[in-house]
Every structure is written in C-alpha cells, then in structure tokens.
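Participant: Quick one: this structure, given as structure tokens, is what I'll be asking you about.
The values are calculated or read from the model by the stated rules, or taken from the named source; none is laboratory data. None of the values given here were measured: they were computed from a predicted structure. Reconstructed Cβ throughout: ideal geometry from the backbone, glycine too, with neighbour counts over all protein chains shown. All accessible areas refer to the heavy atoms of the entire protein, side chains included, with ligands and DNA or RNA removed. Shrake-Rupley method; radii C 1.70, N 1.55, O 1.52, S 1.80 Å.
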Amino acid sequence: MATASSVSSVPRNTYWVLRHGKSIPNEKGIIISTMENGVLPEYQLTAEGINQAKLAGELFQVWLKEHNIPIENVRIFYSPFSRTEQTAEVVASVLNLPFESSSQCKAMVEFRERFFGPSFEFKDHNNIGNIWDQDEKNPFLRPEEGGESAADVASRLGNAVETMEKELQGCVVMVVSHGDPLQILQAVLHGINEYKGPADGNFKSRVEAIKTHSTLSHHRQKFALLNGELRQVL
C-alpha cells in the first residue's frame, strides 16, 4: 500500500459503506443528530445492533479473504457518534484490527449524522420523512435554521473522500456512518461515476460540479440502507 500525493479521476481506493447497527435512538424512535448528544454512551447500540455489526464484520472479512486483501490495506473511518464508533469497534474486533490509537481506524467528523435542526432533536423519528419530502423538491433547502441540507452534507462528505484519496492508495476503505450521510454519499459517488466533465481537479471540485437537484433529490429512494447493512459503493 502506497501513499498518494494527488487525486486522479480514477479512485485510488475501494470504498464500502456500513450503516451503524440498530441503536438505542432507533429503538426509542427518536432523532439524535447533534454532536453533543450523539457522542453520549446512552445512545450506543442495542444488543441487536451489536449482532448486526458483528455480522457485517464477518461478511466483510469473507470478502477480504476471497479477494486476497491483506489486513494492513484495510482502513475504517467512522462518525464520532457513539452508535457508529461502537459499530466500527465491533467490526475491527472481528477483523482483529487494533482500534484505540490505531492508524487503521479513525473517527472523521465529516461522517457525523446529518444535523436536522434544533427543533428536531429528541423528536419522533417519523419527522425525518418530512425532510426527505423536502429534499425531493429542493435538496439545497435546509430543514430549518441551523439544520443541514442534503447539499450541505454532500459538501462535507466530498471533503472527507478528498482527504482519503490524497492520503491513501490501494486501500479498502470502510465508512461507518448514518442513514442520511451514507445515502447522500452514494448519490454523490454515483454522480461522480456518471460525470462527463473535465477529469482534472480534485475530488471536491468534482463533487461541487455534480451537486445538482437530479443527483441529490432522490438519495432516500435510491440508496437507503438498513441498520447494519454493508455495501460496496466504489
């Protein structure tokens, strides 16, 4: 595995996404989308969620062995929320990867949950459906003051992938995050794959070029993930 110094039009790494296992907020049916609350241990995984994370790790391990991928070429990047960090830690344990202070497992704030806005915190999870309806009409419109639009999330995810593409080459990267960010990330990567514009420039600039209504408005319908679902995306 080599270190990359620049970003080409062809991805230097293979990317997988994993939505966190079933969490206590999922079980309670409440929205927890602020960093302040999201990192609290009381919003970690349920027992079912831990089992889902373990199964995802086992499936990933089988794929790595089938493709003769050495474990030193694996990287896990995860949201710092407690439910995603715990999911990543369970996967790392299955793979026998060191987790604490590890160069192969790192939290990235760019992969945090989408912040829906202050008035949505602790509210019924079904309220997110209204935001998805709004995303279909205008993915650049924020749910409310302080909340993130789908386009806002796309920009920060573009920054994250840009960083990984600059720093890594020939790695298999697992991104452990949340439903909305991973839906939007898949929409972005699909748009990049279909992009017919100039191939020069960094990944972030290509994200900005494809950050359109048609790319982002149907992220939920096209790219939804279940709790604990693992998917290769690039």
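Participant: So, residue 166, is that one of a type in the set (Lys, Arg), at pLDDT below 95, closer than 24 Å to residue 115 by Cβ and open to solvent by 40 Å² or more (accessible area, probe 1.4 Å) or not?
Facilitator: Values: of a type in the set (Lys, Arg): yes; at pLDDT below 95: yes; closer than 24 Å to residue 115 by Cβ: no; open to solvent by 40 Å² or more (accessible area, probe 1.4 Å): yes.
Here the answer is no, as residue 166 does not meet what is asked.
Participant: A follow-up question, please. In segment 152-163, how many residues are out of contact with any Asp or Glu (no Cβ under 6 Å at 6 or more places or on another chain) and open to solvent by less than 10 Å² (accessible area, probe 1.4 Å)?
Facilitator: Result for segment 152-163: 5.
Participant: Only one residue in 140, 115, 122 is of a type in the set (Phe, Trp, Tyr) and in contact with a helix residue (DSSP H, G or I) (Cβ under 6 Å, 6 or more places away or on another chain), so which one is that?
Facilitator: Matching residue, one of 140, 115, 122: 140.
Participant: Kindly indicate the residue of segment 14-49 that is outside any strand (DSSP E or B) and under 17 Å from residue 174 (Cα atoms) and also farthest from the chain's Cα centre (by Cα) among those meeting that condition.
Facilitator: Filtering segment 14-49 down to residues outside any strand (DSSP E or B) leaves 20-22, 24-29, 31-44, 46-49.
Adding the requirement that they be under 17 Å from residue 174 (Cα atoms) leaves 20-21.
Working: 20: 9, 21: 13 Å.
The qualifying residue farthest from the chain's Cα centre (by Cα) is 21.
Participant: Please work out if residue 179 is over 12 Å from the mean Cα position of the chain (by Cα) and either open to solvent by 10 Å² or more (accessible area, probe 1.4 Å) or at pLDDT 95 or above (or both).
Facilitator: For residue 179, the condition - over 12 Å from the mean Cα position of the chain (by Cα) and either open to solvent by 10 Å² or more (accessible area, probe 1.4 Å) or at pLDDT 95 or above (or both) - is not met.
Participant: Residue 163 versus (1) among the β-branched types (Val, Ile, Thr); (2) under 29 Å from residue 14 (Cα atoms); (3) touching a residue at least 60 places away in the same chain (Cβ under 8 Å): which is the lone unmet condition?
Facilitator: (3)
Participant: Using beta carbons and a limit of 9 Å, which pairs, at least six apart or on different chains, have the first residue in segment 223-234 and under 14 Å from residue 56 (Cβ atoms) and the second one open to solvent by 40 Å² or more (accessible area, probe 1.4 Å) and acidic (Asp, Glu)?
Facilitator: If the second residue must be open to solvent by 40 Å² or more (accessible area, probe 1.4 Å) and acidic (Asp, Glu), the pairs left are 227/48; 228/48.
Participant: Residues that are over 23 Å from residue 189 (Cα atoms), assigned to a helix (DSSP H, G or I) and open to solvent by less than 10 Å² (accessible area, probe 1.4 Å): does segment 61-79 have at least one?
Facilitator: Looking for residues that are over 23 Å from residue 189 (Cα atoms), assigned to a helix (DSSP H, G or I) and open to solvent by less than 10 Å² (accessible area, probe 1.4 Å), one finds none in segment 61-79, hence no.
Participant: Inside segment 7-57, can you point out the residues that are open to solvent by 70 Å² or more (accessible area, probe 1.4 Å) and among the polar types (S, T, N, Q)?
Facilitator: 51
Participant: Residues 138, 127: which one is under 29 Å from residue 56 (Cα atoms), of a type outside the set (Gly, Ala, Ser) and more than 20 Å from the chain's Cα centre (by Cα)? Spell out how you get there, then give the answer.
Facilitator: Numbers: 138 fails: under 29 Å from residue 56 (Cα atoms).
When all the criteria are applied, what remains is 127.
Participant: Inside segment 99-108, can you point out the residues that are surrounded by fewer than 12 Cβ atoms within 10 Å (Cβ to Cβ), on the phi < 0 side of the Ramachandran plot and not charged (D, E, K, R)?
Facilitator: 103
Participant: Tally the residues that are open to solvent by 60 Å² or more (accessible area, probe 1.4 Å), modelled with pLDDT of 95 or more and of a type in the set (Asp, Glu), restricting the search to segment 109-151.
Facilitator: Of the residues in that region, 3 qualify.
Participant: Is it the case that residue 111 is of a type outside the set (D, E, K, R) and over 23 Å from residue 131 (Cβ atoms)?
Facilitator: no
Participant: Output the qualifying pairs, or none if there are none: Cβ atoms under 8 angstrom, residues six or more apart or on different chains, first residue in segment 166-184 and in contact (Cβ under 8 Å) with a residue 12 or more places away in the chain and farther than 15 Å from residue 85 by Cα, second residue among the small types (Gly, Ala, Ser) and assigned to a strand (DSSP E or B).
Facilitator: 169/2; 170/2
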